[in-house]
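A short write-up of the structure that comes next.
The values are calculated or read from the model by the stated rules, or taken from the named source; none is laboratory data. As the structure is a computational prediction, the values presented were derived from the model and not from experiment. Every residue, glycine among them, receives a Cβ derived from its backbone with ideal geometry; neighbour counts consider all protein chains shown. Just the protein is used for accessible areas: all its heavy atoms, side chains included, with ligands, DNA and RNA removed. Shrake-Rupley method; radii C 1.70, N 1.55, O 1.52, S 1.80 Å.
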Amino acid sequence: MKKKRGRRAWVLLGLLPFALLIIGFLLVPVLSMLTGSFMNDDGNAFSLEQYVTALTNAFYFKAIQNSVLISFFSSLAGIIIGALAAYSITRFSPAVRNRVLLMSNMTSNFAGIPLAFAYIILLGNNGIFTLLFHEWGWDIFAGFNLYSWSGLTLVYVYFQIPLAILLVYPSFYGIREQWREASYLLGASPAKFWITVGLPCIAPALLGTLGILFANAMGAYATAYALVGSNYNLLAVRISSLVTGDVVTRPQLGSALAVLLAVTSIAAVWINSMMTRKVAAFTAGPSESPQSKRKTRFLSTKRAPINKTSLSGRESA
């Protein structure tokens, strides 16, 4: 008993730095954000004026609208391209599949300031491709502006696609070959199979991944700030300017906007959690389902009684 208590004490002591890190850099900032969002501009009285300002002021409401639109369209493009790419990866050999997934994992982490500078070098006003195509007489990027809504969406799609591939890829293995063979034997075409069987099977995974991509885009700050700075009205950029502004700071209003941003992210994560449970119902085998476990447990407890008379007769024979 003493040895077990000593081991538990050492385990708790080892978790102490992690607990302090969580408290100091997660719980305390969240509590400060929540309490600050319900304060007036002076920070000395309870008030809902920050939320009223965030939802009624045209400037801040436009920031929310821009962030939601960019996040939605970039997530939609990312999930469509990512799903098609993930299905193509499942058709490759294991060696090629592992290499492609490795590249997707590396690409999904290439975001922030390096990604913004890479796009500026390639597609900026004096970018390599911009000048090269102009020299060749191609007007491909004649009406394209990297520092606009379309440019931001393009940059967001870049880091959304590899993340979508990594999240959607396992769901395709929930589609069993027996279903495909049975549908073909019944005369269904490949398109009919995907419409009636394949897509309904992976639809929860697609919707859950769409929620994660939306939350990922809503919280993106470094890429947008390095690309457009404060020239484009985005929610994450606006929160930063309110908290660390050079001229005027309104941390209470920034906290209210941050709470609204957190609510959208939590809702997206909740949608992903609900969809993941539905995916588990498709991917789990018959022996892993809760109903089969209950049935197996019931059959194991309800066994036929042993006939002692016949057993003794067999032994004597």
Quiz item: Charges only on Cβ, +1 for Lys and Arg, -1 for Asp and Glu: so what's the dipole of the range 82-232 about the Cα centre, in debye to the nearest 20?
Solution: 460
Quiz item: Leaving out ligands, DNA and RNA but keeping every protein chain, what accessible area does MET275 have, in Å² rounded to the nearest 10, with a 1.4 Å probe?
Solution: 30
Quiz item: What is the Å³ per residue value for the convex hull set by the Cα atoms of the range 70-123?
Solution: 100
Quiz prompt | Loop trypsin sites (Lys or Arg not before Pro), the range 169-269 (other Cβ atoms within 10 Å of the site Cβ: 15 or fewer; DSSP) | solution = ARG176
Exercise. Ignoring everything but the protein chains, give the 1.4 Å probe accessible area of THR209 in square angstrom, nearest 10.
Key: 10
Quiz item: Against the longest principal axis of the chain, how steep is helix 149-168, in degrees 0 to 90 to the nearest 10, with axes from Cα atoms?
Solution: 20
Self-check item: D_trans [Stokes-Einstein, Kirkwood Rh over alpha-carbon pairs] for the range 8-61, 25 °C, 0.890 mPa s, µm² s⁻¹
Solution: 179
Quiz item: Taking amide H positions as placed 1.01 Å from N in the peptide plane, with prolines and chain starts having none, which residues 5 or more places from MET39, or on another chain, fall under 5 Å of its amide H?
Solution: SER47
Exercise. Jot down the radius of gyration and Dmax of the range 182-233, Cα atoms only, both in angstrom.
Key: 19.7, 59
Quiz item: Ranked highest first by the average count of other Cβ atoms within 10 Å around their residues, in what order do 109-116, 52-59 fall?
Solution: 109-116, 52-59
Practice problem: Calculate the dipole size of the chain relative to its Cα centre from +1 charges on Lys and Arg beta carbons and -1 charges on Asp and Glu beta carbons; express the result in debye to the nearest 20. | Solution: 2680
Quiz item: ILE22: accessible area at probe 1.4 Å, nearest 10 Å²?
Solution: 60
Exercise. Give me the angle, in degrees from 0 to 90, between the Cα long axis of helix 113-123 and the longest principal axis of the Cα atoms of the chain, rounded to the nearest 10.
Key: 70
Quiz item: Which whole-angstrom value gives the distance between the alpha carbon centres of the range 167-197 and the range 247-278?
Solution: 37
Exercise. Name the residue farthest towards the positive end of the dipole of the chain from the options GLY43, PRO94, LEU76, assuming +1 on Cβ of Lys and Arg, -1 on Cβ of Asp and Glu, about the Cα centre.
Key: PRO94
